[in-house]
Amino acid sequence: MTDTAITRDAPAEAAPPTARARVGAFELRWSPEAPASLVVPSSGFAGRASVALVEVFTSTEQRARTSQAYWRSAVGERLRVQGSQVTADADATRAVVVQGDSRTGVEVRTTVTAPAGARAVRIESEVRNAGRTAVVVTAVSSATIGFGHAQSDLDTAVWGTARSEWLAEDRWSEVPVRTLLPEIDLALHAQDARGHGALTSHGAWSSGEHVPCGYLLGAHGEALAWQIETSAGWHADLSQARDGGVLSLLGPTDLEHQFARELLPGETFTAVPVAVAASPLSRDGAIAELTRYRRWLRGAAAEQPLPVVYNDFMNTLMGQPTTDKLLPLIERAAEAGAEVFCIDAGWFADPEVGDWWSSVGEWREAPARFPGGGLRRVIDAIRDAGMAPGLWLEPEVVGIDSPAAAELPDEAFFVRFGERVQEDRRYHLDFRHPAARAHLDATVDHLVEEYGVRYLKLDYNINPGAGTEHLATAAGDGLLGHTRAFRDWLVSVQRRHPLLRIENCSSGAMRADYALLAVTHLQSTSDQQDFRLYPPIAASAPASILPEQCGNWAYPARDMSDEETVFTLVTGLSGRLYLSGFLDELRPEQRDRIREAVALHRGLRDELRQATPFWPLGLPDWDASVVCLGLHTPDRDLLFVWDRDAAPAGFTIPGAHGEAEVLFPREGADWGLDAAADGLHVVTPSGLGARVLRVTRG
């Protein structure tokens, strides 16, 4: 195609009569009679030129044809390309198209970016009111893309998504598309369908009900994977037309999230970014492409060191740290090989308070917890043991009994109907307000400069509802504005303190999305305290989180058997090893196991940066007896295998071809490994067990 230059202030040059803009494995197509669409030229499944890429819904114009789907909006159908530009460098190829609606004056500037080395694109759109009267936007599809090229293609298509809740995250399942979009003989009726199937978030936990990513599978191994990059509301929508299926990916919407944004003439609204990946290698291939894309998205942060973190919370101090309890743990964590020691919640609360939930918000140490030298003595002990000190913080909340609740203005908090929003005895700060940001800037600067803190675990333990109405057209608009301001704050904090590493805990992965994970170091994958229930969470997490960001807890306890100790350590080793537990109470042989696991993790962690996940036994069911996660590295495959059945078991890991060996533990009950034509045959003894296996490809 011939590029046409575009600028914000100058009118775009006329677009060619028909045009195509290649962006990596994808292609934009448009004509004078149709808006821009996104296709995959090499695919017989992903993308269709009859499906417009961007849909815009307003308070006065919804759909051009009635339905329940987020497709065929009135404004979207009238959009026509006014100009385009394609640029490329070593990092990525970028296509920009500007489309306009002559009736309303709505203009949409869409940037489609294809990172080098990934069959994926990032799609970003900015909606501008170039007309003369106000427009109220109620929803924007960040990306709408077709799948299949006939109704018959939907008969074999599969929809893969993950339900999620506290302690039971990342529960993936697959259903036939036809269970959501039934065959209704659209050809006979000579119309497209009016129904839809949908996933949607509620409130501020972006992954509290569903993980904000998923995939579609075609009959011949082709796959289309997606993720929505927001910490506010999001919605994924499936519908069907006579010529195939339609997938729409959106940020917050009016119907689902109480969202609206008024645009006065000249004003703009930036839609939520999304990513789409395509692969001929089915589910694992498409998720591998998303994995490569996520590394690109993190930029230079992807090259950060990957330290072993010990945290005192899980099954250990549980939010009640003191000097006497911490010092023995510090000694043992250092002996085990930990490189960061994070003091979790409670360091700010007087022990006499007991339940400190409603008193948080000032973030100053409680001297009574740390007699004889204060918190500084404990921090110094961490540093003297050769580890970097870390602290827990929940920056977006202020307890109703905290002095900060009275010191900060009402406008610095979420507000509905003129009153502060309260959830479980806590108020929610609005980071768009300078007083809220200044309060937390002072907190972080104090912890970094006065104590030398190098690691912050940021929690997020309330869901405040639809959002805030202050300086917003609607509550969902306020929530989106806050989450964007909070992300910007995270970036500014790390720019100010470049040695600081930030963990996105968020109540154990209740807000695990790539708006935040692109700018944070680690994601705690769960708060699950039962080591027997953790494996399906740890094994599934790399479908939505980079392996090197998956903080999987391992918490050995004295009453565990040797095999149970190995079991919880394998869970930790399957991502970023995240240690906890009363290490000072363990038997010597248990401490030896931990040192062995830490040494192995240190040897493998650089491979995590290049690894792509796969699931030879499928993404695990919650109650699966055998769970297996694979990580492809350049020369070999790592397999993390858990057997949760008390009885001896025998099973085959398909596709695992090559020389197999047990990496961890070096000694333990014998697992039989036998390479065969159909994969690796595994025989396990009775009792709970887990192993890290390495398969060197021939």
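I'd like the Karplus ³J(HN,Hα) series for region 121-130: coefficients 6.51, -1.76, 1.60, θ = phi - 60°, whole numbers in Hz, and an x wherever there's a Gly or Pro.
Values per residue, Gly and Pro as x: 9, 9, 10, 10, 10, 10, 9, 10, 8, 9 Hz.
Taking Rh as the Kirkwood radius computed over C-alpha pairs, what is the Stokes-Einstein D of region 19-300 at 37 °C in a medium of viscosity 0.692 mPa s, expressed in µm² per second?
So the translational diffusion coefficient is about 175 µm²/s.
For region 304-614, place one equal point scatterer on every Cα, skip the solvent, and apply the Debye formula. What is log10 of I(q)/I(0) at q = 0.13, 0.15 Å⁻¹?
So the normalised log intensities are -0.94, -1.22.
Rank the residues 161, 316 as a footprinting-exposure proxy: fewest other Cβ atoms within 10 Å of their Cβ go first.
Least to most surrounded, the residues fall as 161, 316.
Can you give the translational diffusion coefficient of region 626-696 in µm²/s, computed by Stokes-Einstein from the Kirkwood radius over Cα pairs at 4 °C and 1.567 mPa s?
107
Can you tell me what share of the DSSP beta bridges in region 304-614 is antiparallel? A percent to the nearest 5 is fine.
Percent antiparallel among DSSP bridges in region 304-614 is about 25.
What Kirkwood radius, in Å to one decimal, follows from the Cα pairs of region 400-446?
On the way: mean 1/r = 0.0902 Å⁻¹.
Kirkwood hydrodynamic radius for region 400-446: 11.1 Å.
Going out from 0 in 10 Å bins, what whole percent of all Cα-Cα distances in region 275-383 drops into each bin?
Here the calculated profile for region 275-383 is 13, 31, 21, 18, 14, 4, 0.
I need 451, 460, 578, 514 ordered by Cβ neighbour count within 10 Å, fewest first.
With the sparsest Cβ surroundings first, the list reads 451, 460, 578, 514.
Net charge around residue 684, counting only other residues with Cβ within less than 11 Å of its Cβ (Lys, Arg = +1; Asp, Glu = -1)?
-2
Over all distinct Cα pairs, what is the inverse of the mean 1/r for region 453-511, reported as the Kirkwood hydrodynamic radius in Å? Don't jump to the answer; show the numbers that get you there.
Working: mean 1/r = 0.0778 Å⁻¹.
Hydrodynamic radius (Kirkwood, Cα only) of region 453-511 equals 12.9 Å.
Based on alpha-carbon centroids, what's the gap between region 91-105 and region 533-565 in Å, whole number please?
Value for the Cα centre distance between the two parts: 44 Å.
Over every pair of different alpha-carbon atoms in region 558-695, take the mean of 1/r and invert it; report that Kirkwood radius in Å. Mind showing how you got there, number by number?
On the way: mean 1/r = 0.0649 Å⁻¹.
Value: 15.4 Å, from the Cα pair sum.
Calculate log10 I(q)/I(0) of region 501-617 for q = 0.15 Å⁻¹, where I(q) comes from the Debye formula with a single equal point scatterer on each Cα and nothing for solvent.
Debye curve over Cα of region 501-617, log10 I(q)/I(0) at q = 0.15 Å⁻¹: -0.65.
Using the alpha carbon gyration tensor of region 334-480, what are the three equivalent-ellipsoid semi-axes (square root of 5 times each eigenvalue), largest first, in whole Å?
Computed over region 334-480, the values are 32, 16, 13 Å.
Amide H to amide H under 5 Å from residue 397: which residues, 5+ apart in sequence or cross-chain, H placed 1.01 Å off N in plane?
Here 429 satisfy the definition.
Would you mind estimating how fast region 398-514 diffuses translationally, via Stokes-Einstein at 25 °C and 0.890 mPa s with the Kirkwood radius over Cα pairs, in µm²/s?
Numbers: Rh = 15.0 Å.
In µm²/s, the coefficient rounds to 164.
What is the pair-distance distribution P(r) of the chain, computed from all Cα-Cα distances in 20 Å bins starting at 0, with each bin given as a whole percent?
The percentages, shortest bin first, are 18, 49, 29, 4, 0.
Quick one, can you get me the convex hull of the C-alpha atoms of region 479-543 expressed as volume per residue in Å³?
96
Dimensions of region 433-486 along principal axes (Cα, Å, largest first)?
The Cα atoms of region 433-486 stretch 41, 22, 14 Å along the principal axes, largest first.
Pop out the ³J(HN,Hα) list for region 390-402 in order, Karplus 6.51 cos²θ - 1.76 cosθ + 1.60 with θ = phi - 60°, rounded to Hz; leave Gly and Pro as x.
Per residue, the Karplus-derived 3J(HN,Hα) values read x, 9, 8, 8, 10, x, 8, 10, 9, x, 5, 9, 7 Hz.
Which net charge results for the neighbourhood of residue 635, defined as the other residues with beta-carbon distances under 15 angstrom from its beta-carbon, given Lys and Arg at +1 and Asp and Glu at -1?
-1
Cα extents of region 582-634 along the three principal axes, largest first, in whole Å?
Principal-axis extents of region 582-634 (Cα, largest first): 37, 31, 14 Å.
Throughout, read-outs are computed from the coordinates displayed, never taken from laboratory work. These figures come from a predicted structure and were not determined experimentally. Ideal geometry is used to build each Cβ from the backbone, glycine not excepted, and the neighbour counts take in all protein chains shown.
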